[in-house]
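First comes the structure, then the notes that go with it.
The values are calculated or read from the model by the stated rules, or taken from the named source; none is laboratory data. Please read all numbers here as calculations on a predicted model, not as lab measurements. With ideal geometry, Cβ positions are generated from the backbone for all residues, glycine too; neighbour counts draw on all protein chains shown.
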Number of protein chains: 2
Amino acid sequence: MKLVIVGGVAGGASAAARARRLDEHAEIVILERGPDLSFANCGLPYYLGGEIQQRSKLLVTPLERLRVRYKLDARPHSAVLRIDRAAKQVVVRDRATGREYTERYDKLILSPGAKPRVPEIPGGDLPGVFTLRTLEDTDRIFARLQDVQHAVLMGGGFISLEVAENLARRSIGVTLVERNPQVLMPFDAEMTTPIVQALRAKGIELILGSRVTAIEEENGGTLRARLADGSSRSCGLVLAGIGVEPETHLAADAGLELGVRGAIRVNRHMQSSDPEIYAAGDAVEIQDTITGQNGVVPLGGPANRQGRIAADHIFGRSLTYRGTQGTAIVRVFDLTAACTGASEKTLKRCNIAHRAAYLHPANHAGYYPSAQQMSLKVLFDPTDGRVLGAQAVGGDGVDKRIDVLAMAIQGKMTVYDLEEAELCYAPPYGSAKDPVNMAGFLCSGILRGDQPQVTVSELVEQQKSGRIQAVVDVRGADEFARGHLPGAVNIPVDELRGRLAEVPPGRIAVNCQVGMRGYLATRILMAAQRDVVNLSGGYQAWQLFAGAGLLG
Amino acid sequence: MKLVIVGGVAGGASAAARARRLDEHAEIVILERGPDLSFANCGLPYYLGGEIQQRSKLLVTPLERLRVRYKLDARPHSAVLRIDRAAKQVVVRDRATGREYTERYDKLILSPGAKPRVPEIPGGDLPGVFTLRTLEDTDRIFARLQDVQHAVLMGGGFISLEVAENLARRSIGVTLVERNPQVLMPFDAEMTTPIVQALRAKGIELILGSRVTAIEEENGGTLRARLADGSSRSCGLVLAGIGVEPETHLAADAGLELGVRGAIRVNRHMQSSDPEIYAAGDAVEIQDTITGQNGVVPLGGPANRQGRIAADHIFGRSLTYRGTQGTAIVRVFDLTAACTGASEKTLKRCNIAHRAAYLHPANHAGYYPSAQQMSLKVLFDPTDGRVLGAQAVGGDGVDKRIDVLAMAIQGKMTVYDLEEAELCYAPPYGSAKDPVNMAGFLCSGILRGDQPQVTVSELVEQQKSGRIQAVVDVRGADEFARGHLPGAVNIPVDELRGRLAEVPPGRIAVNCQVGMRGYLATRILMAAQRDVVNLSGGYQAWQLFAGAGLLG
């Protein structure tokens, strides 16, 4: 068996190591066009910021180890020019010597990754305008950073936010320009409010709903980025983090079947339309586990598993890739934002029935020091309660709850299962009722009719249509005074039973700070035969929506 | 509806709040024999150590709020003396006034909790000998602590270890005496080695396999604890953390059906043998979700959920308690130990077929600063791969992985599902192959026959029986020199292919540091037609067993 692998990072490196473990005698050739195989591309922003200090740390598995330990014929600087499917060979150019040669294969794995989009604007190709994909990119940026006082980042995705934080750590001023009205598109807009606030609090200039339209050279070696609003910023570098495209020209030229956005179409064994050719990583089309739709989701975890599964199938194992549920996480200064499954906007776009609920639990027992609040949004099926998605933003413990909910999604579990989840509890780690349990109680209560709720957007809609006629804020007078929903009447929950006569007539919504007192108030009013709903997530959810500019 | 609840902490308080939410008009009486309802008993050790500084923080829901917000007839100092099932009433003594009265009920919920075992040894009732259950206990201990230089803790369970740490934080010397040969009995012994080492490194004297046989008063107000080995320790106080017993005299006197250890037997709606009487919390018998056996598992999370489920059933909801899987966690200085599901010793005792695997992954990407290694043990069904249990000890991220595995157990997921788990990955939080994925790869590989393994105990057995004839250590010469298995031959994995002739004949085991290089070595040797197994978890697993005295 001779296995040739195109691309030596995440998917390719995983496939190679797995292949060697499964077949000691196979001939395994890895062709990587760059100088580095198996490098930590997710670590690049942290190297730029100095958190990772040694460049050598980014080389996860050194070339020598790949060659000796895994007995791989690992060839950097080796660009594959084309695939000759009939002859089962690839044409390779040694970029060091310029020599071209052919390499025969029994099986071929394509793991070419994705290439960053280059800004197609005037000046988009100037020196000082970068994308970040490889260690070489990083070296170039790193070299230039020494003289940079200000940087303009195009795009507000995961990597851009990581770079923004890391540049700020180096005391470099940052202007971040995102053409959408929100950063972190996999999240629903309101859930990004704390991130936007944190970025701005750290002095990062964040411009949403705008674009860099041109980049010009200035005297003195700096650049000037011109924005759609007519303003401009002087900067030492521009980094374009405006998305990636599957690197699939090889597959396309070879006539392999392509899917969404030109990504390589594969079956569940990661096999392309040519059964001798497999593909893995950011260049392949995946199926979304929630929506069932085909898409491109460039993530490190899936890339590694796909490479492994391709090797498994080649060497006689029948594992299948089950699809991607889009679990992702980003740290932005002291905050963590993480998500798994589908967002509400995706569910809407796909016409998938869903309910949404918001809560703001603490990461651990409130009586134990340093409890930190998170905002958690859970999306679930209104019929059977299956968990469809979750997003959380906050401090410690966000990653844990999203991982737990990711398992719930993978296991096709329901919000009723979340009620009964038995999770670690001691005061430094959680609560007797963990945030995941609380989410279960809330969502199950909605489905059982015990907790009639509206989301902020449903409230706004129902107020407009006249279906909700008043809002009663059941927080204390002091909290109410610090800010409240327009037109809300204040009746603290502890006084509500004695002041039922003051509750406005008609269908009403109640709100408190996070939803708990509102829940009790809803129950009190339901017992008084009132048509009432609780505002999911309370005033804090309102503030998330307001902060994202969603309230008009 | 008149609902009477006996016991106002975890299960009782949860039941009361839930009952009020479900029925605004029900009459709800909570009778608590102590002065405090709804207090944070899990926080008591941290209050002793000063981490929680304000006593008031331990009162989770103040009495006034229970009365006003939840409209509960909440009565502290109210001891229930007996239940008159025929008349559907309880006899109550007001401990403040001594007055006795009867209180009628439609439904009764018993949530009396568990009482700490009192040491039945000479001097076990001296002043200065304490158990820790209530805020009052805490106040008494706290008052005495001011004069204490040294304390003797009886028992090495979760609470004792928390107290040990917290006393050490106050610069109080601690001798901890545990009659079993290990601390933290829910864990398998070898997994407690890092905890034992951490306690000793912090200056705590830990005496395993011994007992305090008597306590005597000394001159000057101190105590002398005499141990089974004839030695003794002078100390300012003795704290007995030697387990708890379900507090079920009320239920027993009333003729309710009792189960294991006298705990109140309930059905899945938390209903006792008298359908008008429910029970919740540490006093009830539960079914273990893994073994199916009945038992008593006093944990805060289950108590809260049980109270809620009892209230649900009383008010017409049909939720069921699904059993307890024993998820638990403890912090011991910088370490965290957590477990879920069954331990290996429990599976053995119950004759449940299982396999065990060990690994020592880092909590996040190794190239990102401050990665911390954890030891992880996973137990799984050898036929279908279902996850049966997991234990982890280490630094950051232990709680997350055990919570994820707890969800896998709850969802009846398999080690094959762990391979495909899609968890949060960015360098500060995890790895592209998360520890949970790694566990899945390892356990699945064992089941598929790709990774023949033995545990340390299986290795020792097979060496004794002659089935394994040699051990090849595939680590580097420097690692080997720092310590290795008795009789092991050193052939570094990177040299193995060229030195196959040096590998001893017969069936052999290979080991490396954590199991990864050993896995590759196993594959190389299997390809050379050798009968070979990898030592699961490598030399670090060996050290866990050695540290626990399990190697003879």
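What do you reckon, is B:Arg517 charged (D, E, K, R), touching a helix residue (DSSP H, G or I) at 6+ places or on another chain (Cβ under 6 Å), at pLDDT 95 or above and not in a strand (DSSP E or B)? Steps first, please.
Details: charged (D, E, K, R): yes; touching a helix residue (DSSP H, G or I) at 6+ places or on another chain (Cβ under 6 Å): yes; at pLDDT 95 or above: yes; not in a strand (DSSP E or B): yes.
Judged against the criteria, B:Arg517 is a match.
For B:Ala546, the conditions (1) under 13 Å from B:Leu359 (Cα atoms); (2) more than 14 Å from chain A (Cβ to nearest Cβ) all hold with the exception of (1). Starting from residues that are within 12 Å of A:Gly8 (Cβ to Cβ) and not aliphatic (A, V, I, L, M), keep the ones in segment A:76-90 and report whichever is surrounded by the most Cβ atoms within 10 Å (Cβ to Cβ). Per the stated criteria, the residue is A:Ser78. Does A:Gly518 count as closer than 28 Å to A:Val196 by Cα, of a type in the set (Gly, Ala, Ser) and within 14 Å of chain B (Cβ to nearest Cβ)? Yes, satisfied.
If we scan segment B:102-111, do we find a residue that is without any contact (Cβ under 8 Å) to a residue 12 or more places away in the chain and either out of contact with any Pro (no Cβ under 7 Å at 6 or more places or on another chain) or surrounded by fewer than 16 Cβ atoms within 10 Å (Cβ to Cβ) (or both)? Explain how you work it out, then say what you get.
First, pick out the residues of segment B:102-111 that are without any contact (Cβ under 8 Å) to a residue 12 or more places away in the chain: none.
No, that holds for no residue.
Reported count of residues in segment B:148-192, each being surrounded by 24 or more Cβ atoms within 10 Å (Cβ to Cβ) and hydroxyl-bearing (Ser, Thr, Tyr), is 2.
Return yes when A:Arg401 is of a type in the set (Lys, Arg), in contact with a helix residue (DSSP H, G or I) (Cβ under 7 Å, 6 or more places away or on another chain) and away from chain B (no Cβ under 13 Å) and no when it is not. Break it down stepwise before answering.
On the way: of a type in the set (Lys, Arg): yes; in contact with a helix residue (DSSP H, G or I) (Cβ under 7 Å, 6 or more places away or on another chain): yes; away from chain B (no Cβ under 13 Å): no.
Against the criterion (of a type in the set (Lys, Arg), in contact with a helix residue (DSSP H, G or I) (Cβ under 7 Å, 6 or more places away or on another chain) and away from chain B (no Cβ under 13 Å)), A:Arg401 does not qualify.
Based on this model, can you work out whether B:Leu145 counts as buried (at least 23 other Cβ atoms within 10 Å of the Cβ) and either in contact with a helix residue (DSSP H, G or I) (Cβ under 9 Å, 6 or more places away or on another chain) or not aromatic (Phe, Trp, Tyr) (or both)? Full working, then the answer.
Working: buried (at least 23 other Cβ atoms within 10 Å of the Cβ): no; either in contact with a helix residue (DSSP H, G or I) (Cβ under 9 Å, 6 or more places away or on another chain) or not aromatic (Phe, Trp, Tyr) (or both): yes.
So B:Leu145 fails the test.
Looking at B:Val387, B:Val393, B:Val378, can you tell me which residue is over 15 Å from B:Val436 (Cβ atoms) and part of a strand (DSSP E or B)? Show your work before the answer.
Working: B:Val387 fails: over 15 Å from B:Val436 (Cβ atoms); B:Val378 fails: over 15 Å from B:Val436 (Cβ atoms).
Of the residues listed, the single one that is over 15 Å from B:Val436 (Cβ atoms) and part of a strand (DSSP E or B) is B:Val393.
For every residue, the table says whether it meets (1) closer than 22 Å to B:Ala357 by Cβ; (2) buried (at least 20 other Cβ atoms within 10 Å of the Cβ).
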{"position": "B:Val436", "(1), (2)": "yes, yes"}
{"position": "B:Ser457", "(1), (2)": "yes, no"}
{"position": "B:Val472", "(1), (2)": "yes, yes"}
{"position": "B:Asp494", "(1), (2)": "no, no"}
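Residue count for segment A:108-124 satisfying the condition of being over 18 Å from A:Glu217 (Cα atoms) and in a loop (DSSP other than H, G, I, E, B): 4.
Can you name every residue in segment B:404-413 that is within 7 Å of another protein chain (Cβ to nearest Cβ) and part of a helix (DSSP H, G or I)?
Step one: list which residues in segment B:404-413 are within 7 Å of another protein chain (Cβ to nearest Cβ), which gives B:404, B:406-408, B:410-411, B:413.
The answer is B:Val404, B:Ala406, B:Met407, B:Ala408, B:Gln410.
Summed over segment A:362-389, the residues that are more than 14 Å from every other protein chain (Cβ to nearest Cβ), more than 22 Å from A:Tyr416 (Cβ to Cβ) and not small (Gly, Ala, Ser) give a count of 2. The numbered conditions (1) within 26 Å of the chain's Cα centre (by Cα); (2) crowded, with 19+ Cβ neighbours inside 10 Å are all true for A:Arg233 except (1).
Among the numbered criteria (1) at the interface with chain B (Cβ under 9 Å from one of its Cβ atoms); (2) within 23 Å of A:Pro492 (Cα to Cα); (3) of a type in the set (Asp, Glu), which single criterion is violated by A:Asp473? The single condition A:Asp473 does not satisfy is (1). When segment A:419-443 is limited to residues that are in contact with a helix residue (DSSP H, G or I) (Cβ under 7 Å, 6 or more places away or on another chain) and more than 9 Å from chain B (Cβ to nearest Cβ), the one that is farthest from B:Val387 (Cα to Cα) turns out to be A:Cys443. Restricting attention to segment A:316-358 and to residues that are more than 11 Å from chain B (Cβ to nearest Cβ) and of a type in the set (Phe, Trp, Tyr), the residue that is farthest from A:Ile409 (Cα to Cα) turns out to be A:Phe333.
When segment B:17-42 is filtered for residues that are within 14 Å of chain A (Cβ to nearest Cβ), in contact with a helix residue (DSSP H, G or I) (Cβ under 7 Å, 6 or more places away or on another chain) and at pLDDT 95 or above, the ones remaining, listed by number, are B:Arg18, B:Ala19, B:Arg21, B:Leu22, B:Glu24, B:His25, B:Ala26, B:Ile28. Out of everything in segment B:483-514 that is of a type in the set (Gly, Ala, Ser), on the phi < 0 side of the Ramachandran plot and in contact with a helix residue (DSSP H, G or I) (Cβ under 9 Å, 6 or more places away or on another chain), what residue ends up being nearest to the other protein chains (Cβ to nearest Cβ)? Restricting to residues being of a type in the set (Gly, Ala, Ser), on the phi < 0 side of the Ramachandran plot and in contact with a helix residue (DSSP H, G or I) (Cβ under 9 Å, 6 or more places away or on another chain), the top hit is B:Ala509. Considered as a group, the residues in segment A:524-539 that are part of a helix (DSSP H, G or I) and buried (at least 20 other Cβ atoms within 10 Å of the Cβ) include one that is farthest from the other protein chains (Cβ to nearest Cβ), and that residue is A:Tyr539. For segment B:485-536, a residue qualifies if it is over 28 Å from B:Val378 (Cβ atoms) and aliphatic (A, V, I, L, M), and the qualifying residues are B:Val489, B:Ile491, B:Leu500, B:Ala501, B:Val503, B:Ala528.
With the structure loaded, tell me whether B:Asp473 is in contact with a Pro (Cβ under 9 Å, 6 or more places away or on another chain) and among the acidic types (Asp, Glu) or whether it fails that test. If you could, list the steps in order and put the result at the bottom.
Numbers: in contact with a Pro (Cβ under 9 Å, 6 or more places away or on another chain): yes; among the acidic types (Asp, Glu): yes.
Yes, satisfied.
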